[in-house]
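A.B. asks: My structure is below; once you've seen it, I'll send some questions.
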Amino acid sequence: MNANPIKGKRLFVLDTNVLMHDPTALFRFKEHDIFLPMIVLEELDGNKKGSTEVARNARQTSRFLDDMMTGVTPELIAQGIEIKQAAVTTNGGESSGRLFFQTQHFQTELPVTLPGKSADNDLLGTVLSLQKRLAQTLITVVSKDINLRIKASVLGIHAEDYNNDQVLEDVDLLYTGAGELDKSFWDKHAKNMDSWVESGHTFYRVEGPNVAGWYPNQFVYHSDDEFDAVVREVHQDSAIIETVRDYRSNHKTVWGIHARNREQNYALNLLMDTNIDFVSMVGSAGTGKTLLALAAGLEQTLEKNLYREIIMTRVTIPVGEDIGFLPGTEEEKMTPWMGALMDNLEVLTGNGEGGSWGRAATQDILAQRIKIRSVNFMRGRTFLNRFVIIDEAQNLTSKQLKTLITRAGPGTKLICLGNIAQIDTPYLTETTSGLTYVVDRFKGWAHSGHVTLRRGERSRLADHASEIL
């Protein structure tokens, strides 16, 4: 790097894990400059092989760099390549900064000798030399490695996490799918309210100050009079809401189960609505996410014949040590990961009717209509008229969920389940999880719905453990 960055700009030194997490990070620093140490290029090369998401991202980063360097002379490389030369930018506007590479060997100039020969220390040593040479420039290391950021702070280097992939500033701001009406709602909105009845459901046309913040298929409720409704249409100054079906009574069940609380009732309304193609459910352990989704899938697949089969998948991340190779077919390999499916099927089919022969026949039918698939083999597939359940979706990145959701063909309904407080994969947090991403992005679409399940219904022991542990 022979030329100083333009005055007023910042210089961001990107760690390898940032680029392997999001290759488009190269284009997300707007007018600021980017510096890539040689060790970053070495690590990208070392991680390019394989079919994992990390390997694909490493290869994509290399392609972006190759595009930017096409036709560029060594002199221009030393002066900084204009990032806007890239074919496409993905941050909503064109980047105007420059990309610098490590063109000199800095080790002989280090103001501090770092112990060890790790890649992190190599990167930090390069940054220390940059600080010495560019004393007037604010240099920031961007890394998703917490320990590297700690070491950088100890050495007096400004370090930040990569925040551009964060969907929200705070997970508490995540869309819940339901909102309580204030006590004066009817007084404020009753004056110009219209109501009518269609197919046994009451509709209301509401005008007033509360309407602007509503989303399609959002639930609104009034605790005082147990009023529950779902938003069907949202206009600039008005909205149409419809009273929800009540699955809390034993007279109206889905595959033999009924909702035990308000949020479960909302979930069943979304799951049983044929006009909704995408449903997301977030909730802690024991709130009934998988049970409700399976019950709705069985009801609509076996009883109503709306779908050809149920497909269930989840990311295979172990809670403890990996048990290693699993023999068998794809479905047999996935079986140990599908304990939740088996447990919930026992609840849904364990009524004991028909004796052992009846239960065996039921199991045979379910085996034919419920398929277990691995996330790893989803790319390129198209699901027609399927009821697809993605369990443990909080462990998927936004790109992985995009890959799965775009597999949906005509007549397919897709359900995303997860608990964003229980993320088991590195480099993902509550605000960067793919589940958080899809909940936020789908909330304004007329054919999607979301609900946050709050109350556990598994057992008093599980509920108490969730609260105190």
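A.B. asks: By the scheme Lys and Arg +1, Asp and Glu -1, what is the net charge of all other residues having a beta-carbon under 12 Å from that of E42?
C.D. replies: -2
A.B. asks: Still on this structure, please answer the following. On a straight-distance basis, which aspartates and glutamates could pair with K151 in a cross-link, Cα separation under 16 angstrom, same-chain partners fewer than 8 positions away excluded?
C.D. replies: The reachable aspartates and glutamates, counting only those whose Cα sits under 16 Å from K151, are D15, D120, D122, E160, D161.
A.B. asks: Calculated FRET efficiency, A446 and A78, Cβ-Cβ r, R0 51 Å, to nearest 0.05?
C.D. replies: On the way: r = 53 Å, r/R0 = 1.04.
That pair, A446 with A78, gives E of 0.45.
A.B. asks: Please compute the length gained on full extension between R460 and F377, using 0.36 nm multiplied by the number of residues separating them and subtracting their Cα-Cα distance. All intermediate terms of the calculation are to be shown ahead of the outcome.
C.D. replies: Details: separation 83, 0.36 × 83 = 29.88 nm, distance 3.87 nm.
This chain segment gains 26.0 nm when fully extended.
A.B. asks: In terms of the Cα gyration tensor, with a ≥ b ≥ c the square roots of its eigenvalues, is the range 154-231 rounded because a/c is under 1.5, prolate because a/b exceeds b/c, or oblate? Intermediate results must be reported in sequence, preceding the final value.
C.D. replies: On the way: a/c = 3.60, a/b = 3.05, b/c = 1.18.
Since a/c reaches 1.5 and a/b is larger than b/c, the shape of the range 154-231 is classed as prolate.
A.B. asks: Provide the FRET efficiency to the nearest 0.05 for the E53-T406 pair, computing r from the beta carbons and using R0 = 22 Å.
C.D. replies: Values: r = 15 Å, r/R0 = 0.70.
For E53 and T406, the calculated efficiency is 0.90.
A.B. asks: Only residues of the range 405-434 count here: report those whose backbone N is under 16 Å from the spot 7 Å along Cα→Cβ of I150, or say none.
C.D. replies: Only 427 pass the distance filter.
A.B. asks: So, one more: Sum up the charges of everything whose Cβ sits under 14 Å from the Cβ of D391, counting Lys and Arg as +1 and Asp and Glu as -1, but leave D391 out. Spell out each step's value before the answer.
C.D. replies: Numbers: positive: K289, R314, K371, R373; negative: D343, E392, D424.
Once all neighbours under 14 Å are counted, the net charge is +1.
A.B. asks: May I pose another question? What distance in nm separates the two pseudo spin-label positions at A190 and K30, each 7 Å out from Cα along the beta-carbon direction?
C.D. replies: 4.9
A.B. asks: Pairs K9/K132; K48/K144; K304/K371; K371/K443; K144/K289: which exceed 24 Å Cα-Cα?
C.D. replies: On the way: K9/K132 17 Å; K48/K144 19 Å; K304/K371 18 Å; K371/K443 29 Å; K144/K289 31 Å.
Too far apart for the 24 Å limit: K371/K443; K144/K289.
A.B. asks: In the range 391-434, which residues have a backbone nitrogen under 12 Å from the label point lying 7 Å from R308's Cα in the Cα-to-Cβ direction?
C.D. replies: Those under the cut-off are 409-412.
A.B. asks: Could you give the nm distance between label points at L384 and E233, where each point is 7 Å from its Cα heading toward the beta carbon?
C.D. replies: 3.4
A.B. asks: Go ahead and run the numbers for FRET between A135 and S96, Cβ-Cβ distance against an R0 of 35 Å, rounding to 0.05.
C.D. replies: Details: r = 24 Å, r/R0 = 0.69.
Taking R0 as 35 Å, the efficiency between A135 and S96 is 0.90.
No value in this document is a laboratory result; all are computed from the given coordinates. As the structure is a computational prediction, the values presented were derived from the model and not from experiment. No Cβ is skipped: glycine too gets one built from the backbone with ideal geometry, and neighbour counts run over all protein chains shown.
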